[in-house]
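Enquirer: Handing you a structure now.
Every number here is computed from the coordinates shown, using simple stated rules; none is lab data. Source: prediction; values computed, not measured. As a convention, Cβ positions derive from the backbone with ideal geometry for all residues, glycine included, and neighbour counts pool all protein chains shown.
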Amino acid sequence: MEVVTEITNVEFGKMINAAANTLQDNAEKINKLNVFPVPDGDTGTNMTLSMASGAEYERDETDLRLGSLAKATSKGLLMGARGNSGVILSQIFRGFANAVKDEEVLTARTFANGLMGGAETAYKAVMKPTEGTILTVIREAASAANNAAKQSDNVVEIAKAAYDASEKALASTPDLLPVLKEVGVVDSGGQGLVIVLEAFYAVLSGQEIKHNAVDNAGLEAMIQDLHNTGVQGELNPDSIKYGYCTEMMVDLAVGTTYDTEFDYDQFYDYLANLGDSLLVINDEEVVKVHIHTEHPGKVFEWGLKYGSLRKTKVDNMRYQQVEASMAAQKAKDEQKNEPLQVELAVIGIAAGDGVQDLFKTSGANIIIDSTQAPSTSDIVSAIKDSGAKQAIVLPNDSNIFMAADQAKSMLDIPVEIIKTRTVQQGLTALLVGFNPDASLVDNAKNMTLALADVKSGSVTTSVRDTTIGGLEIHVGDAIGLLDGDIVVAEPAGDIKAAAQKLLEKMLDEDDEIVTLIYGADSTKSDAEELASYIEELDSEMEVEIHSGNQPLYPIYLAVE
């Protein structure tokens, strides 16, 4: 094995760019590795775009010290992070950068330290980490690298140990997550990370990078949304344990109260005992905190030990005793290209011009196109462009939750993320729960509660063979999803039959309204025919038809 004792700026640049290129080469293959055979699995695309942004920032960095290059890569990944997999990848590199921030070059020891830091930060980024995901892969890879660095000063051996351990960890993911075990597959985000570590090893060892990692017969399917299962769930106002949403920004090492040098773990661990929904983000000069707690004063007192409080904010989530916001202004002037100036902006994320128009007419101020998953930077820009003092974001896809949360943490105005998993939930949250005259906290509560009022159905076409939930599904079958679960499969792409069977599973005697949104691959006459079928099932059912022009899904159904 070739002996390399240092990673200089030259090697590091090659490693980052090789990782970006290899992910791009494999993006479409990873996209298809989705346990649900729907056509919009995009883990590979999201990780590719995130890594490409990191590589761009690394190439533009003029300070050639490894600490600076790693920091630039981390910044690029954060700004370009798309989807849950992209956000977690950005956190891995954030931890790596923090661990090597003072290094001119990387040795075997500091390279391993970087991977260990990446694993630690990624776990902290998820409220309730779930094993059998990319988290497992980075933890095992970092541990192997750490052990190898105790025995060798050859960075090639460290990279090989990390890569070998990542492959082994990836293979173990079905044993850790029952839903993966059911179909005998591995985790998609974990597969993406294996590709990154493979690229690192290939560059350092001087080998040609192989691009066939995801062609293994065992990698037939993948889950894309499981990374988010451990992240904080929806707020339940009837059982709030910690009632004060508390935020502060601390200028570190300044002020009359400063008496303690900042240590992230010490700072974080104390706050973790005061509540939940904890987020701590820092650089060399500032730390920003968000936490739900019963003791805001203790949070602020803790911050004062480390510096001067620049900004503080407390909202009583039980009684919603916050200042009411001004009415959201829906008027806009596209010809004058004037920015919105609203007190409270609603940001909707959706694909299809008809669906986007539905969000606009329902009260959304800005629409982000989700044909390609928006990045953290896209969401930050949309909120800033609104000119609003407060904002609500409707992701309408669980794979956007983490990017939205990242965007929230980067803004200085109050932002609420309503955890809408579907377009149907997003529209219901707006129509039922949003009141432009209410406070941000009241709206967040009411919009979240409104999600329980709608059942979401969608019909699409399977992109591969699989068996899930007892259904045998083949490429080209029409499949119906109810609240994210595949419950119907019809052969020969019979969208009509799949939609009808899906409706039979969705409707019950308490339902009153069905909203039918037909997509780019469907027609109004198709929708009207389906509406007639609904009336046959229940003559008193009210049916609304809208043109959504959404891609990939000929039919969206909302039952209330």
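Enquirer: When the dipole is taken about the Cα centre of region 344-443, and only Lys, Arg (+1) and Asp, Glu (-1) are charged at their Cβ, what size is it in debye, to the nearest 20?
Expert: The dipole magnitude comes to about 120 debye.
Enquirer: With r as the distance between the Cβ atoms of Asp385 and Glu104 and R0 = 45 Å, compute the FRET efficiency 1/(1 + (r/R0)^6) and round to 0.05.
Expert: 0.65
Enquirer: Could I ask something else about it? Give me a comma-separated list of calculated 3J(HN,Hα) values for region 447-461, in order, Karplus coefficients 6.51, -1.76, 1.60 applied at θ = phi - 60°, integers in Hz, x for any Gly or Pro.
Expert: 3J(HN,Hα) across region 447-461, in whole Hz: 5, 5, 4, 5, 4, 6, 8, 10, 9, 9, x, 8, 10, 8, 10.
Enquirer: Lys/Arg Cβ at +1, Asp/Glu Cβ at -1, dipole of region 241-316 taken about the Cα centre: which of Leu278, Met249, His292 is farthest positive-ward?
Expert: Farthest towards the positive pole: His292.
Enquirer: Which order do the peptides 344-350, 480-486 come out in when sorted by mean C-beta neighbours inside 10 angstrom, highest first?
Expert: 344-350, 480-486
Enquirer: Using θ = phi - 60° and the Karplus curve 6.51 cos²θ - 1.76 cosθ + 1.60, what whole-Hz ³J(HN,Hα) does each residue of region 490-497 get, with Gly and Pro shown as x?
Expert: Coupling constants for region 490-497: 10, x, 6, x, 7, 4, 4, 5 Hz.
Enquirer: Turning to a different aspect of this structure: If packing is taken as the average number of other Cβ atoms within 10 Å across a peptide's residues, how do 199-205, 360-366 rank, most packed first?
Expert: 199-205, 360-366
Enquirer: If packing is taken as the mean number of other Cβ atoms within 10 Å per residue, what is the order of 105-111, 155-161, 543-549, 24-30, highest first?
Expert: With the highest mean Cβ count within 10 Å placed first, the list reads 155-161, 105-111, 24-30, 543-549.
Enquirer: Once both labels are modelled 7 Å past Cα along the beta-carbon direction, what's the Thr62-Ile513 spacing in nm?
Expert: 5.8
Enquirer: How many nm is it between the label spots at Met127 and Asp369, if each spot is 7 Å from the Cα in line with the beta carbon?
Expert: With each label point 7 Å from Cα toward Cβ, the separation is 3.3 nm.
Enquirer: In debye, nearest 20: dipole of region 455-559 around its Cα centre with unit charges on the Cβ of K, R (+) and D, E (-)?
Expert: About 620 debye.
Enquirer: Report Rg/Rh for the chain, rounded to two decimals, where Rg is the Cα radius of gyration and Rh the Kirkwood radius.
Expert: 0.98
Enquirer: Still on this structure, I have one more. Counting only residues 5 or more places away or on other chains, whose amide H sits under 5 Å from the amide H of Val346 once H atoms are built in the peptide plane?
Expert: Asn365, Ile366, Ile392
Enquirer: OK, next. Please list, in order, the residues from region 304-318 whose amide nitrogen is less than 14 Å from a point placed 7 Å along the Cα→Cβ vector of Asp259.
Expert: 304-307
Enquirer: Can you show me the helix-derived [θ] at 222 nm for the chain, built from DSSP H runs with n ≥ 4 at -39,500 (n - 2.57) apiece and divided by the number of residues, rounded to the nearest 500.
Expert: Calculated at 222 nm, the ellipticity per residue is -14000 deg cm²/dmol.
Enquirer: Follow-up. Whose amide H sits under 5 Å from the amide H of Ala438, counting only residues 5 or more places off or on another chain, with H placed in the peptide plane?
Expert: Amide H neighbours of Ala438, under 5 Å, 5+ apart: none.
Enquirer: Can you tell me the length gained on complete extension of the stretch Glu285 to Asp465, counting 0.36 nm per residue apart and subtracting the Cα distance?
Expert: Result: 59.5 nm gained on full extension.
Enquirer: Using the beta-carbon distance between Lys14 and Asp494 and R0 = 60 Å, what value does 1/(1 + (r/R0)^6) give for FRET efficiency, to the nearest 0.05?
Expert: Approximately 0.75, to the nearest 0.05.
Enquirer: Also, I was wondering about something else. If I model a spin label at Glu529 and Asp353 as a point 7 Å from the Cα along the Cα→Cβ vector, what separation in nanometres do I get?
Expert: For Glu529 paired with Asp353, the spin-label model returns 2.6 nm.
Enquirer: Here's something else I'd like to know. I'd like the Karplus ³J(HN,Hα) series for region 415-423: coefficients 6.51, -1.76, 1.60, θ = phi - 60°, whole numbers in Hz, and an x wherever there's a Gly or Pro.
Expert: Once rounded to whole Hz, the list reads 9, 10, 9, 8, 7, 7, 8, 9, 4.
Enquirer: Work through the residues other than Ala148 whose Cβ is under 11 Å from its Cβ and net out their charges, Lys, Arg +1 and Asp, Glu -1.
Expert: 0
Enquirer: For a Förster distance of 22 Å, can you work out the FRET efficiency between the beta-carbons of Asp437 and Asn316, rounded to the nearest 0.05?
Expert: 0.70
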